[in-house]
1. Taking into account only those residues within the range 149-169 that are in contact with a Lys or Arg (Cβ under 7 Å, 6 or more places away or on another chain) and under 24 Å from Gly12 (Cβ atoms), which is surrounded by the most Cβ atoms within 10 Å (Cβ to Cβ)?
2. Answer yes if at least one residue in the range 23-39 is touching a Ser or Thr at 6+ places or on another chain (Cβ under 8 Å), on the phi < 0 side of the Ramachandran plot, surrounded by 15 or more Cβ atoms within 10 Å (Cβ to Cβ) and at pLDDT 95 or above, and no otherwise.
3. Could you grab me the full set of residues in the range 179-222 that are assigned to a helix (DSSP H, G or I), touching a Pro at 6+ places or on another chain (Cβ under 9 Å) and not basic (Lys, Arg)?
4. Given the options Gly82, Gly93, Gly87, name the one that is at pLDDT 95 or above, more than 30 Å from Ala233 (Cβ to Cβ), among the small types (Gly, Ala, Ser) and in a helix (DSSP H, G or I).
5. I'd like the full set of residues that are in contact with a Pro (Cβ under 7 Å, 6 or more places away or on another chain) and either within 16 Å of Ile239 (Cβ to Cβ) or among the basic types (Lys, Arg) (or both), limited to the range 3-46.
6. Taking the range 231-259, which residues are within 14 Å of Leu9 (Cβ to Cβ) and either touching a Pro at 6+ places or on another chain (Cβ under 9 Å) or surrounded by fewer than 17 Cβ atoms within 10 Å (Cβ to Cβ) (or both)?
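The values are calculated or read from the model by the stated rules, or taken from the named source; none is laboratory data. Remember, it's a predicted structure, so these values are computed and weren't measured experimentally. Virtual Cβ from ideal backbone geometry, glycine too; neighbours counted across all protein chains shown.
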Amino acid sequence: MRKTMHKKLIVGNLKMNPVSPAEFGRYLDMLEKETKGKNFEKTEIVICPPAIYFRQFSERKFKNIKLGAQDVYWEYQGAYTGEISAGMVKANGAEYSIVGHSERRKYFGENEEIINSKLKAILRSGLKAILCVGESGEERKSNQTAPVLKKQLEKSLAGIGIGKAEYITIVYEPIWAVGTDKTPSSDEVLEAKIVIKKILTVLYSKKAVEKMKILYGGSVKSFCAGQVCVDPAMDGALIGRESLAPYEFIKIVKIVEEK
């Protein structure tokens, strides 16, 4: 029997951009223009704007783009000033949430214990999770990529059963590539993908891992999308800076979809 291939997944992480509703409105206008009349049958597209813009995004009623969150808090509700729960995110139209992004680790001190709590909250709420893992430049130089990925995956996924595996997408996000113009070679990405699959197979099963997507994230641009996504046969990409330019973002979607 022929294996069923799942759709590619392209996620745009707008981070803390743009500043005003007017700017976001113009962004949505451009995104609408770039996606009009396109079906993207082989690709699922997700945009993760700041939560303050969820309603504005939903009002556009995109048929071919889904809404995601950049982060959530692990408690369902309560006296946690400034936080947003997975339940709130779900109730406001989102279908996905990123968790464990390298910037959350770097600037907010998130460790695997925190990420694990958030991941469990995301799955409990009925959202799909986009879990980021990856090594620093120093860790790569000292040949620690595999041990780092193993530690991050094992601790982040602790207590999450096989029945939830298909709702988790893993992003290989080498920290040394995020926000820079450095991109790993196809072989380096493929090597990390193989390591991740082996770890996940031990944690779950080969059959369960076949249902999980593994994306690449870190300075993805149209000119290198083939190198970091297509050639190493990744299931898609998590795109940061370039997702702020709809023309470039959709260009990347087309490159990944058409291969």
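1. Selected residue: Thr169.
2. For the range 23-39, residues touching a Ser or Thr at 6+ places or on another chain (Cβ under 8 Å), on the phi < 0 side of the Ramachandran plot, surrounded by 15 or more Cβ atoms within 10 Å (Cβ to Cβ) and at pLDDT 95 or above: absent.
3. Hits for the range 179-222 are Ser186, Asp187, Glu188, Val189, Leu190, Glu191, Ala192.
4. None of the other options fit; the residue is Gly87.
5. Leu14, Met16, Tyr27, Met30, Leu31, Glu34
6. Ala233
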